[in-house]
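Below is one structure, written out as structure tokens; the observations come after it.
Read the figures in this text as sums done on the coordinates, not as results from a lab. Treat the numbers as computed from the prediction; the structure is a model and nothing was measured. We place every Cβ from the backbone using ideal geometry, glycine too, and count neighbours over all the protein chains shown.
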Amino acid sequence: MIELYAISDDPAPPDPPLRAVPCGRLTALCGPASEGAVTAETLWRHEEIVEGLMETRNVLPVRFGTVLEDERAAARAVSGRDAQLTASLDRVRGAVELAVRAQPREPSRDAPGRWGTGRDYIAAKRRRTAEIRMVRESLATAARDSVVQTESEHLRAAYLVDRDAVDDFARLVRRVQRAHPGLDVLCTGPWPPYSFAEAGEPA
Amino acid sequence: MTTTIAEQEVALVDLVDRLLGGGVVIAGDITLSVADVDLVYVGLRALVSSVATAEEKNALPAMGSAL
């Protein structure tokens, strides 16, 4: 059994034990299937492998836990979606993903009954929602694409950012945090473009 | 910048979101069983609450590039 880590259009062989499996115009980057229980360490190990691949080539990361019978099965599965995967690869070429969360620093402060009226509560809620929207929109200006996973008073978003614009994006996050001291703005990355790998199907 | 425990936990939440919810879906056997996913998410809920606790103590930096 082999595990599929990523798909690329660069046929260069990766460091062993990883292997490059030709799939028409594309290349599937595979390794021996990992066994045992899924732990945080397993996930980080998987991530480390995909990040290593991402350093030297453009990749589409594959959903964790994709295990196939052998290299022929991998080639068949990938070749079958050739056109769509090539389009996705073109979309993420030269870019990485940055994850951003933003949420009110003290969410319980404006709860009804604690202080003020229901009207105060609704006004505060509306204000926080507007603030989250401002954060989302200003970060989007520095990104090639974005996927917003949740909204309202909490933002959980993924931004597709050009590799050489990551520092600019990080600076913008810090600026946004300073402009909105009532929010916690948390950014992690750069990640492989997991949230942009499937067109029209955000993570 | 030193990486705090809270930062690592935020990064783990982001990691799990991406690995289990993102990436290309290729036909094949997904080895991860529903039970495994449940376990991972139970762990996550514990992490999320500890991050919230850290935030109350202002232990989280404004911007955590944790990787």
*Compute the distance in nm between two label points, each set 7 Å from the Cα along the Cα-to-Cβ direction, one at residue A:129 and one at residue A:171.*
3.5
*If contacts are Cα pairs under 8 angstrom and at least 6 residues apart, what is the relative contact order of the range A:1-54 in percent?*
37
*Residues in the range A:78-94, backbone N under 20 Å from the label point at residue A:140 (7 Å along the Cα-to-beta-carbon vector): list them, ranges by number please.*
A:91-92
*asked:* Tell me the net charge near residue A:46. Cut-off is 11 Å between Cβ atoms, residue A:46 excluded, with +1 for each Lys or Arg and -1 for each Asp or Glu.
replied: -2
*asked:* Taking each residue in A:181-187, count the Cβ atoms of any other chain within 10 Å of its Cβ, then average. What number comes out?
replied: 5
_Pairwise centroid distance, computed over Cα atoms, of the range A:153-174 with the range A:33-50, Å_ = 26
_Neighbourhood net charge (9 Å Cβ-Cβ; Lys/Arg +1, Asp/Glu -1) for residue B:23_ = +1
*Directionally averaged shadow of chain A, computed from the convex hull of its alpha-carbon atoms, nm²*: 13.3
_Nearest-0.05 FRET efficiency for residue A:149 and residue A:41, computed from C-beta distance (R0 22 Å)_ = 0.30
*Give the calculated FRET efficiency between residue A:164 and residue A:121 to the nearest 0.05, with a Förster radius of 41 Å applied to their Cβ-Cβ distance.*
0.40
*Burial order of peptide ranges A:83-94, B:13-24 (average beta-carbon count within 10 Å, highest first)*: B:13-24, A:83-94
